[in-house]
Amino acid sequence: MDLSLLTDPVFLAQNIVDGLSRGALYGVFAMGFTLIFGVLDIVNLAHAATFMWCAFVGWLVMAVGGLPLPIGLVAATLAGSLLGVGLEFLAFRPIRKEGADRLSSMISSIGASLIMVSIAEAVFGVSTRRFPSKVLDPRPFFIGGTGGLRISRAQILILVASTLLMIVLGWFIRKTRTGKAIRAVSASTKASLLLGINVNGVIVRTFVIAGGLAGMAGVLVALLTNYISPPMGSTVELRGLAVIILGGMGNMEGAILAGFLLGLVETFTIAYVPGGSDIKDAIAFLVLFFILLVKPEGLLGKKKADRA
Amino acid sequence: MKRIIVASLAAALAVSSAVALPATIKIGAAETLTGDNSSYGISIKKGLELALQEINGSKFLGSSKIDLIVMDEKADKQEGISVFNKLINDEKVSLIIGPTLSSTAFAADPVAQQAGVPVLGTSTTASGITDMGDFIFRDSLPQSAVIPGTINKVVAKYGVKKAALLYESTNEYSKSEAGVFKSALEQAGVQLVGSESYQKGDSDFRTQLQKLSQKRPDLYVFASLIGEAVPVLQQAREIGITQPIVGGNGFNNPAVIKNGGDAAEGLIIGASWSITNDDPKSVAFVKAYNAKYGNNPDQFAAQAYTGLWLVATAIKNAGSADRVAIKNALGAIRDIDTALGKFSFDDHRDPHHENAVVVVKNGAYVLFK
């Protein structure tokens, strides 16, 4: 431990801000991921590819088209919903009809992901794209003058967006008709069918929401890291997976909270442990392991029997 | 007696050189053409193809032509090995140019060494590349030939006392470059107050940079590949770093200026070649490159262009497309004029030529003085 760093309150506050925004990045990515998992019981490994495509849509609208950020966010969200529905109809429903098990659905999503990444490589090439500074001013605010606490517009945006999404989606899932139907299907497909719920309709709506979330996440993450390229999804995918397990499978609020936790653990490891950046993943996954040891269903997860 | 043997041998060589060159000589190139590091490979491919056009067009090898087979090794070790095997066993090439990254070279070059196929790296700058065997050459100056001089110039100009280092710990190239930076700083009497790393796939470097800036260094040194070079620079500026920044070889790429914008201003790089070089061969190369592609070449294009010319020269001097003959002729190259300047291979198959130190000013590289 580096003692001079430990006693610096500005550095500590800075690490909390940076850790939370790093975690918000994992959280917003994981929300749609975990929603699909909750409803279909499958890991949609094309989620990362959807996320990447939406970042490119945002880039096309804002960097090439010159349109402002709100329009870029809406366009990316719509594109994500469209891609999500496309995935449901092309990659999931046909094999679900044949009574495929979860493993085949997952393999199908890997295939879809490979195709989507390859098309992106063919269309956009492999060089990294970035947002021009007119989309969102990259200069941060300093609280307490230069050398004080730094926070950038992208960090504020992703922190506010992730917190809002957590509240709004939590309300949506619990209170609205569609949300209740999603929870019913998530608890039991068969029982929902018997109750007269249009299960396929609910699944399509789930993909609309999950895809839209991937779209929003694509733009927010690209703004924060200023990195848009076909492999960008794979770098957050593993952490996204960790976050949905930690948060409780299928639980969107849990995903955001787990994201914050993972981001804070990573940042604090880098900041306070000598050589920390080399072991941040090991430490983060060790923490994950111990939490799951104590609470196997995740932070906000419920046991399968009484989920939903 | 001895003299007669030597004389007849020389005569035999002279005769064979007149007839031995086949109509086409296959040369392989294994480069990174897709993925995050493909901007290097694409530059290299352009440099090679320009040289190919000139060599074949000018009948440099008489009626023989070079057939260049370019394959994508995807910056992946396994892929590198399999591309090398394909080039050696299926295509039966006389020599392989590449691979793009040192990390791939450490995996793939032993395959060629074992098979007795010469390799010419045109972008591999890690220490230890040519230690892999007597068939392994490179025309890219190793880090140890460029970095100490660069650091000395910067330290002298700014009176640097304390420096901080950031590098990628999951790549052999960046790790090796970081090591060379460390010893160069030490040699220059500069105290290294902080050293931080990140891993492949990371995109947020703020915490590492913030930790370094807490130590108040008056110089920052970054050893990154092109995929991370721009975000590292931008985030460094974002957290308020205004001190001089020296970038490793990965920063010597026009894409850093194009994508980095204001963040790239003031970036200092030690480079094996710079567009500011005024050697006639270099000027001619820049002109021909612009005519063919409509933009300026970078260091990687220049090294690749020179690389294929070196190979053609070796083939001409050997009078043979035989792998061992090319290897021997390549090793004998001394003091020839190239786009990289007056060029020699040393006894360890490493290149020897002058290098430049440049700084980004108003969106262009200019000589650092």
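Nearest 0.05, what FRET efficiency do B:GLN187 and A:LYS190 give at R0 = 60 Å with Cβ-Cβ as r? Please list the in-between numbers first.
On the way: r = 73 Å, r/R0 = 1.22.
That pair, B:GLN187 with A:LYS190, gives E of 0.25.
Normalising by the residue count of chain A, find the relative contact order in percent from Cα pairs under 8 Å and 6+ residues apart.
Over chain A, the number comes to 36 percent.
Cut-off under 16 Å on the C-alpha distance; same-chain residues fewer than 8 positions from B:LYS281 excluded. Which lysines are left, in chain and number order?
B:LYS342
Which of B:ASN252, B:ALA321, A:SER188 sits closest to the plus end of the dipole of the protein assembly as shown, meaning its Cα is farthest towards the positive end, when Lys and Arg get +1 and Asp and Glu get -1 on the C-beta?
A:SER188
Any chance you could list the semi-axes, whole Å, largest first, of the equivalent ellipsoid that the Cα gyration tensor gives for chain A, using √(5λ)?
They are 32, 24, 17 Å, listed from largest to smallest.
For a quick check, take a GNM of chain B with Cα springs below 10 Å and name the residue from B:ASN56, B:ASN252, B:ASN355 with the largest mean-square fluctuation.
Greatest mean-square fluctuation among the candidates belongs to B:ASN56.
Among A:138-151, B:156-169, B:183-196, A:250-263, how do they line up from the highest to the lowest mean number of other beta-carbon atoms within 10 Å?
So the order, starting with the most tightly packed, is A:250-263, B:156-169, B:183-196, A:138-151.
Calculate, for B:ARG216 and A:PHE141, the FRET efficiency according to 1/(1 + (r/R0)^6) with r their C-beta to C-beta distance and R0 35 Å; round to the nearest 0.05. List each step's numbers first, then the result.
Working: r = 22 Å, r/R0 = 0.63.
Efficiency computed from Cβ-Cβ geometry: 0.95.
Considering only C-alpha atoms, what is the centroid distance from region A:154-212 to region B:209-247, in Å?
For region A:154-212 versus region B:209-247, the Cα centre distance is 42 Å.
Per residue of chain A, what 222 nm ellipticity follows from adding -39500 (n - 2.57) for every DSSP H run with n ≥ 4, rounded to the nearest 500?
Only helices count here, giving -24000 deg cm²/dmol.
How high is the relative contact order of region A:22-84? Use alpha-carbon pairs under 8 Å, at least six apart in sequence, and give a whole percent.
Normalised by residue count, the contact order of region A:22-84 is 26 percent.
Can you give the relative contact order of chain B as a percent, counting alpha carbon pairs under 8 Å and 6+ residues apart?
18 percent
Quickly work out the B:VAL366-to-B:GLU265 label distance, labels modelled 7 Å from Cα along the C-beta direction, and quote it in nm with one decimal.
Here the answer is 1.3 nm between the modelled labels.
With N set to the residue count of region A:174-271, report its C-alpha Rg divided by 2.2 N^0.38 Å to two decimal places.
Numbers: Rg = 16.6 Å, N = 98, 2.2 N^0.38 = 12.6 Å.
Against the compact-globule rule of thumb, the ratio is 1.32.
In bins 10 Å wide, starting from 0, what share of all Cα pairs of the protein assembly as shown does each bin hold, as a percent?
Pair shares across the bins are 3, 14, 22, 22, 17, 12, 6, 2, 1, 0, 0.
Using a simple spin-label model with points 7 Å from Cα along the Cα→Cβ vector, what separation in nm is obtained for B:ASP131 and A:VAL160?
Each label point is offset 7 Å from its Cα along the Cβ direction, giving 5.5 nm.
Nearest 5 is fine: what % of DSSP beta bridges in the protein assembly as shown come out antiparallel, could you say?
Taking every DSSP beta bridge within the protein assembly as shown, about 35 percent pair in antiparallel fashion.
Where does helix B:172-187 land angle-wise versus the long Cα axis of chain B, in degrees 0 to 90, nearest 10?
Around 60 degrees separate the two axes.
Hey, got the dipole for the protein assembly as shown? About the Cα centre, +1 on K and R Cβ, -1 on D and E Cβ, debye to the nearest 20?
Dipole about the Cα centre, nearest 20: 1420 debye.
Using alpha carbon centroids, what distance separates region A:84-123 and region B:290-351, in Å?
48 Å
Compute the distance in nm between two label points, each set 7 Å from the Cα along the Cα-to-Cβ direction, one at B:ASN295 and one at B:ASP347.
According to this spin-label approximation, the distance is 4.3 nm.
Most exposed first by the Cβ proxy, i.e. fewest other Cβ within 10 Å, how do A:LEU194, A:LEU87 rank? Before the final figure, lay out the partial values.
Numbers: A:LEU194 9, A:LEU87 25.
Least crowded to most crowded, the residues run A:LEU194, A:LEU87.
Taking the Kirkwood radius as the inverse of the mean 1/r across Cα pairs, report the Rg/Rh of region B:189-284.
Ratio value, two decimals: 1.01.
Counting partner chain Cβ atoms within 10 Å of every residue's Cβ in B:192-205, what's the average? Can you show the working numbers first?
On the way: counts 0, 0, 1, 2, 7, 5, 4, 5, 1, 9, 8, 12, 12, 3.
Mean inter-chain Cβ contacts per residue within 10 Å come to 5.
What is the extension gain from A:ALA282 to A:ILE71, computed as 0.36 nm multiplied by their sequence separation minus the C-alpha to C-alpha distance, in nm to one decimal? Provide the component values of the computation, followed by the final result.
Values: separation 211, 0.36 × 211 = 75.96 nm, distance 3.92 nm.
Additional length available on full extension: 72.0 nm.
Across the residues of B:231-244, average count of Cβ atoms on other protein chains within 10 Å?
3
What is the fewest-to-most order of B:SER94, B:SER82 by other Cβ atoms lying within 10 Å of their Cβ?
Taking fewest neighbouring Cβ atoms as first place, the list is B:SER82, B:SER94.
Evaluate peptide A:221-231: per residue, the Cβ atoms of other protein chains within 10 Å of its Cβ; return the mean as an integer.
Average per residue, whole number: 4.
Counting only complete DSSP H runs, which helices of chain A cover 20 Å or more along their long axis at the Cα atoms and score a mean Kyte-Doolittle of 0.5 or above?
A:9-40, A:69-87, A:102-124, A:153-175, A:199-225, A:232-247, A:252-272, A:276-294
Looking at chain A as a GNM with Cα springs under 10 Å, which of A:GLU88, A:GLU98, A:GLU297 has the largest mean-square fluctuation?
The residue that fluctuates most here is A:GLU98.
Please give the peptides B:294-302, B:281-289 ranked by average Cβ packing (other Cβ atoms within 10 Å per residue), highest first, as a rough proxy for protection.
Going from most to least packed, we get B:294-302, B:281-289.
Going by how many other beta carbons lie within 10 Å of each one, how would you line up B:SER123, B:SER176, fewest first?
B:SER176, B:SER123
Please report, to two decimal places, log10 I(q)/I(0) for region A:6-162 at q = 0.09, 0.15, 0.18 Å⁻¹ as given by the Debye formula with identical point scatterers on the Cα atoms and no solvent.
-0.40, -0.92, -1.14
Using a Förster distance of 56 Å, how high is the FRET efficiency between B:ALA284 and A:ILE95, based on the Cβ-Cβ distance and rounded to 0.05? Mind showing how you got there, number by number?
Numbers: r = 60 Å, r/R0 = 1.08.
Computed FRET efficiency for B:ALA284 and A:ILE95: 0.40.
Every number here is computed from the coordinates shown, using simple stated rules; none is lab data. These figures come from a predicted structure and were not determined experimentally. Every residue, glycine as well, gets a Cβ built from its backbone with ideal geometry; the counts of neighbours run over all protein chains shown.
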